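The values are calculated or read from the model by the stated rules, or taken from the named source; none is laboratory data. Everything numeric in this text was worked out from a predicted model, so none of it was measured. Positions of Cβ are generated from backbone atoms using ideal geometry, with glycine treated the same way; all protein chains shown enter the neighbour counts. Quick note on the areas: whole protein, heavy atoms, side chains included, nothing else; ligands and nucleic acids left out. Shrake-Rupley method; radii C 1.70, N 1.55, O 1.52, S 1.80 Å.
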Amino acid sequence: MPIKNSRNFRKTRYILYRETLVDFKEHFWAFIGSFFGVGIIAYLESSRLPNSDVVYLIGSFGASAVLVYGVIQSPLAQPRNLIGGHLVSAITGVTVQLLIPDIMWIAAPLAVSLSIVLMQITKTLHPPGGATALIAVTGSTELKDLEYWYVVSPVFSGVLILFAVALIFNNVTRHRHYPASKRFVGAKMRIYKWNHQRLIRRKK
C-alpha cells in the first residue's frame, strides 16, 4: 500500500510539473479550448435567457474549465470525473435543497460534504462538483425552482459542451491527449502513424 501511494504521489508531482512548464503551445490550446468551451455555454445563456427561464451557465463550469483545458492529464479532469462528478453533486445539492429548504447554515455545508463523499464512493471526484452542489442550495429562486431539472440543464448540458470541446481542442496536436487513458492514447498514436505513412506513400 505505501508503495502504491508513493507511485501515485510521484505521478501527481510529474503531472503538475509538466502542466506548469512554460510551453506557449500548451498555453495557446488551453486558452482556445476554455474560451470556446465556456463561450458556447455563455452564448446559449445570453441568447436564450431574455426570452426563457432556462439557465445554462453556472460558476462551477469555470473551475472545470481550468482542469479540463489546463491540466488535461489530471485524474480529476477525466471524463468520468467531469461528467459523473457534476451529476452526482447536482443530484445531491437538489436533494438537500428540497429536504432542508429554509436552513441555509445546515443545507450548504451538508450539500458540499455529501457530494464529496458520494464522489469518492463513485470514483468521480471532481473539485468543481462541490460548487455545483452548493449552487443548488444557494442559487437564485429561479434556479431552485428547477428542482431536479437543474441536473439536466444547466449541469448535464453544460458538462457535455465542455467535454465535447475538450475532445476537439485537447487532441489537436500530437502531444495533447484527452482522455488520458492508455487505450485512447494508443489508438490516437496509431491514427497519426497511419496518416503519416499514407502521406509518405502519396509523395512517392
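What residue, among those in the stretch 95-131 that are of a type in the set (S, T, Y) and in contact with a Leu (Cβ under 9 Å, 6 or more places away or on another chain), is nearest to P75 (Cα to Cα)? Steps first, answer last, please.
Narrowing the stretch 95-131 to residues of a type in the set (S, T, Y): 95, 113, 115, 122, 124.
Subset that is in contact with a Leu (Cβ under 9 Å, 6 or more places away or on another chain): 95, 115, 124.
Working: T95: 27, S115: 18, T124: 9 Å.
Restricting to residues being of a type in the set (S, T, Y) and in contact with a Leu (Cβ under 9 Å, 6 or more places away or on another chain), the top hit is T124.
I'd like the residue in the stretch 95-139 that is open to solvent by less than 60 Å² (accessible area, probe 1.4 Å) and of a type in the set (S, T, Y) and, out of all such residues, is farthest from the chain's Cα centre (by Cα).
The residue in question is T95.
Among the hydroxyl-bearing types (S, T, Y) and under 24 Å from E142 (Cα atoms): does that describe T92?
Judged against the criteria, T92 is a match.
For the stretch 99-115, name all the residues that are in a helix (DSSP H, G or I) and not aromatic (F, W, Y).
The first filter runs over the stretch 99-115 and keeps only residues in a helix (DSSP H, G or I), leaving 99, 104-115.
Result: L99, M104, I106, A107, A108, P109, L110, A111, V112, S113, L114, S115.
Taking the condition of being part of a helix (DSSP H, G or I) and open to solvent by 20 Å² or more (accessible area, probe 1.4 Å), how many residues in the stretch 53-80 meet it? Steps first, please.
To start, the set of residues in the stretch 53-80 that are part of a helix (DSSP H, G or I) comprises 60-70, 75-77, 79-80.
Next, from what is left, pick out any that are open to solvent by 20 Å² or more (accessible area, probe 1.4 Å): 62-63, 66-67, 70, 75-76, 79-80.
Result for the stretch 53-80: 9.
I'd like the residue in the stretch 59-92 that is among the β-branched types (V, I, T) and at pLDDT below 95 and, out of all such residues, is nearest to P109 (Cα to Cα).
Among those residues, the one meeting the criterion is V71.
Say whether the condition of being modelled with pLDDT under 95, hydrophobic (A, V, I, L, M, F, W, C) and in a loop (DSSP other than H, G, I, E, B) is met by at least one residue in the stretch 116-131.
Within the stretch 116-131 (the criterion being modelled with pLDDT under 95, hydrophobic (A, V, I, L, M, F, W, C) and in a loop (DSSP other than H, G, I, E, B)), the answer is no, since none of the residues qualifies.
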